[in-house]
Amino acid sequence: MPLPRPARTSALLASAAATVLLASGCGGDTQAATGSAGDELDGATLTVGSKDFTENIVLGQITMKVLQAHGAEVEDKTNIKGSVTTRQALTSGDIDLYWEYTGTGWISYLEHTTPIADATKQYEDVRDEDLTKNKIVWLKPAPLNNTYALALREDTAQELGLTKLSDIASLAKSDPSKATFCLESEFSTRDDGWPGVKKTYGIDVPDDNIKMLDTGVIYNETGEGETCTFGEVFTTDGRIESLKLKVLEDDKHFFPVYNASLTLPESIADKYPEIAEIMAPVTAKLTDATLQKLNADVDVDGLTPEEAAQDWLDSEGLLN
């Protein structure tokens, strides 16, 4: 069965999306100056889309501002509901480009059932097959990998000496009372979720050590450290930084890889080859830590995705 992209369900994200609906296409004081970084795309008009969760919307805003800074006119169609709908918008020509994730492309659109553990090979196989079958170009991916993970409080990790998932099995044997987990229902049954984690890492804990909670609640409970020691998280979620959580290294590379890549139809890539060169230095700076910060700017601190994108691009000097 194809494995869907991890979904985000927090009320904070819903609030952020609502904010974007108000902000999309408005421009205003945070709008990048057209041609401030070059004129390579002078005369081009490009429609940028995104999915409807914070991270993808921020990536869309970053892309619009960078393209605009290089001379393009841009149309804002970010905040499209659902991965499939966004992908259809790209393949139908309603949008010209958006950020997609390698694991999603491989499993959901190319209909493979088994992810590829090596990030480079996962990207290369998605890139090559999607171009051949669907004439969709995947530009070089960002370092960010928005996949599943287990996290715990930073001070608890230091106290227990935990840095990687392999360490949990030893803790479960030496002190089972501390090997407690907060999980959401889908993760608890998915093959690429808890059953696979237990099997891969040899984690043996009683059922009473597992608490089933909603995704948003899991972050808070993990931050409190009372209901559970470990919580299921997404690696680029802004709450990881704000709650001072430590993400444990997936040292056996169990979880699928979800590197983000800007995707566009081959016809657009051929017409505007400058896009790949223009976006390359931006893409290289999009790490897990960067997206955690950007997501927190929106979900925790209340900035709009447009404002978060503008602040980051200014701080990195990418619009001049």
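The values are calculated or read from the model by the stated rules, or taken from the named source; none is laboratory data. Computed from a prediction, not measured in an experiment: that's the story for all the values here. All Cβ positions, even for glycine, are placed from backbone atoms using ideal geometry, and neighbour counts span all protein chains on display. Remember, those area values only see protein heavy atoms, side chains included, never the ligands or the DNA or RNA. Shrake-Rupley method; radii C 1.70, N 1.55, O 1.52, S 1.80 Å.
Quick notes on this one:
- Only residues that are of a type in the set (A, V, I, L, M), open to solvent by 20 Å² or more (accessible area, probe 1.4 Å) and touching a Gly at 6+ places or on another chain (Cβ under 7 Å) were counted in the range 155-170, giving 0.
- Pairs, first in contact (Cβ under 8 Å) with a residue 60 or more places away in the chain in the range 204-227, second of a type in the set (S, T, N, Q), C-beta under 6 Å, six or more apart: T215/T9; G216/S10; G225/T156
- Restricting D39, D52 to those that are open to solvent by 10 Å² or more (accessible area, probe 1.4 Å), under 24 Å from Y258 (Cα atoms) and assigned to a loop (DSSP other than H, G, I, E, B) reduces the list to D52.
- Applying the condition of being open to solvent by 60 Å² or more (accessible area, probe 1.4 Å), modelled with pLDDT under 95 and part of a helix (DSSP H, G or I) to the range 283-305 and asking which residue is farthest from T120 (Cα to Cα) yields K293.
- Some residue of the range 24-32 being open to solvent by 10 Å² or more (accessible area, probe 1.4 Å), of a type in the set (S, T, N, Q) and at pLDDT 95 or above: no
- Residue pairs meeting the criteria (Cβ under 7 Å; at least 6 apart or on separate chains; first buried (at least 23 other Cβ atoms within 10 Å of the Cβ), in the range 126-154; second among the acidic types (D, E) and in a strand (DSSP E or B)): L150/E232
- Per-region count, the range 41-76, residues among the basic types (K, R) and within 17 Å of W312 (Cα to Cα): 1
- If you go through the range 68-122 and keep only what is open to solvent by 20 Å² or more (accessible area, probe 1.4 Å), assigned to a strand (DSSP E or B) and not basic (K, R), you end up with E73, V74, E75, D76.
- Lone qualifier among K173, K178, K199, K211 - being in contact with a strand residue (DSSP E or B) (Cβ under 8 Å, 6 or more places away or on another chain) and either surrounded by fewer than 21 Cβ atoms within 10 Å (Cβ to Cβ) or of a type outside the set (A, V, I, L, M) (or both): K211
- The helices (runs of 4 or more DSSP H) located wholly in the range 212-282 that include 1 or more residues which are modelled with pLDDT of 95 or more occupy 215-224, 266-271.
- Failed criterion for H253 (all others in (1) surrounded by fewer than 23 Cβ atoms within 10 Å (Cβ to Cβ); (2) in contact with a strand residue (DSSP E or B) (Cβ under 7 Å, 6 or more places away or on another chain); (3) in contact (Cβ under 8 Å) with a residue 60 or more places away in the chain hold): (2)
- Checking the stated criteria, D125 turns out not to satisfy the condition of being within 16 Å of L264 (Cβ to Cβ), of a type in the set (D, E) and at pLDDT 95 or above.
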